[in-house]
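Participant: Got a structure here, written out as structure tokens. Questions coming.
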Amino acid sequence: MKLATLKDSTRDGRLVVVSRDLTRCSEVTHIARTLQAALDDWEHVAPRLALIAEGVETGAQPTIRFYEHNAASPLPRAYQWADGSAYLNHVELVRRARGAEMPASFWSDPLMYQGGSDGFLAPRDPIVVADEAYGIDMEGEVAVITGDVAIDSDPDTARSAIRLVMLVNDVSLRGLIPDELAKGFGFFQSKPSSAFSPVAVTPDELGEAWDGGKVHLPLLVSLNGKAFGKANAGVDMTFDFGQLIAHAAKTRNLAAGTIIGSGTISNKLDGGPGRAIEDGGEGYSCIAEIRMIETIETGLPKTPFMKFGDQVRIEMKDHAGHSIFGAIEQTVERYKGNGLR
């Protein structure tokens, strides 16, 4: 089934079940007002939501029109948002661009940071930034939402806790990252609010594209209407979601509603760095990656980061060409000092 959160006067919106073609939805506040409430009682709530989803498809359930621009992120805020870096091609390029070797431990111990989760951008909200010099970048990723995960769970147990799958734009401010990392204490200012796809789906909706821990479909990223990336999320993913969740749960329980991200999707080409779509490659899921390749090849990056007015679109389609999660579509805007948006 497909679930979304419609914006309303509350912080957490209201839960709806969405049709497979993303055109209609049915309100289910009588079952669970919010997605978090559904996750908290998933064993009892999910079967009831599944019956509604079946009724939406057959016409037995009353529906209203579903508009993606009315959707918040499926979880407008979450108890926890932890983002991994499962595509080591991306990590390797970052280090090569600055002349550093990648430690052998990176192949067995995932990288992960804890992001801000007190409020996420809606999938059509603007990316509001005070200064272009911050180095505004998108990062196209897949994310999962978990149920409760016990401390020190193994990857197989962790995979069984995956409740929903969605897309994410993990916005990064590249110009702020070096100074933050130099302090030895991780990201904070350089990682503003992320945005998630209009719809989150249960893994069964992905059919054969879901193998239990990875999504084997291209992530379509465009910048200002031009195709920028189509890297396959199931290729070159060193750590699957079961491994990432188990890593996050090594020393703590994870509460239902925890979001775990894959990190920037990145594919190699013939054993080496990727290549732009216009050059016959799969392109990129972030601007930093093409800048790293330019630095490795020529000594200097030439592709600029995003500017005010630029628009990014992130989407994933099934083998028939139908959008699965809806689209994240955001425009970069200058912060004008008018307080909370």
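The values are calculated or read from the model by the stated rules, or taken from the named source; none is laboratory data. Bear in mind the structure is a predicted one, so any value in this text is a computation, not a measurement. So basically every Cβ, Gly included, is an ideal-geometry build from the backbone, and we count neighbours across all protein chains shown. Quick note on the areas: whole protein, heavy atoms, side chains included, nothing else; ligands and nucleic acids left out. Shrake-Rupley method; radii C 1.70, N 1.55, O 1.52, S 1.80 Å.
Participant: So, restricting to helices (runs of 4 or more DSSP H) that lie completely within segment 3-115, which ones have at least 2 residues that are touching a helix residue (DSSP H, G or I) at 6+ places or on another chain (Cβ under 7 Å) and not basic (K, R)?
Facilitator: Counting at least 2 such residues, we get 42-58, 88-97.
Participant: So, one more: Inspect segment 293-312 for any residue being out of contact with any strand residue (DSSP E or B) (no Cβ under 6 Å at 6 or more places or on another chain), in contact (Cβ under 8 Å) with a residue 24 or more places away in the chain, of a type in the set (D, E, K, R) and part of a loop (DSSP other than H, G, I, E, B) and give the result as yes or no.
Facilitator: There is at least one residue in segment 293-312 that is out of contact with any strand residue (DSSP E or B) (no Cβ under 6 Å at 6 or more places or on another chain), in contact (Cβ under 8 Å) with a residue 24 or more places away in the chain, of a type in the set (D, E, K, R) and part of a loop (DSSP other than H, G, I, E, B).
Participant: I'd like the residue in segment 173-209 that is hydroxyl-bearing (S, T, Y) and closer than 30 Å to N70 by Cβ and, out of all such residues, is surrounded by the most Cβ atoms within 10 Å (Cβ to Cβ).
Facilitator: Residue satisfying both the conditions and the ranking: S197.
Participant: Another question, then. Go through (1) open to solvent by less than 80 Å² (accessible area, probe 1.4 Å); (2) over 21 Å from the mean Cα position of the chain (by Cα) for L51 and report which single condition fails.
Facilitator: In the conditions (1) open to solvent by less than 80 Å² (accessible area, probe 1.4 Å); (2) over 21 Å from the mean Cα position of the chain (by Cα), L51 misses (1) alone.
Participant: Pick from segment 142-166 the residues that are in contact with a Gly (Cβ under 7 Å, 6 or more places away or on another chain) and open to solvent by less than 20 Å² (accessible area, probe 1.4 Å): which of them is nearest to E289 (Cα to Cα)?
Facilitator: Step one: filter segment 142-166 for residues in contact with a Gly (Cβ under 7 Å, 6 or more places away or on another chain), giving 143, 145, 155-156, 158-159, 161, 163.
Filter once more, so that each one left must be open to solvent by less than 20 Å² (accessible area, probe 1.4 Å): 143, 145, 158, 161.
Numbers: A143: 20, I145: 26, A158: 30, A161: 32 Å.
Checked segment 142-166; the qualifying residue nearest to E289 (Cα to Cα) is A143.
Participant: Which one of these does S105 not meet: (1) under 27 Å from S190 (Cα atoms); (2) free of Cβ contacts under 8 Å to residues at least 40 places away in the same chain; (3) within 23 Å of the chain's Cα centre (by Cα)?
Facilitator: (3)
Participant: Take segment 313-341 and flag every residue that is under 19 Å from the mean Cα position of the chain (by Cα) and part of a strand (DSSP E or B).
Facilitator: Scanning segment 313-341 gives R313, I314, E315, K317, S323, I328, E329, Q330, T331, V332.
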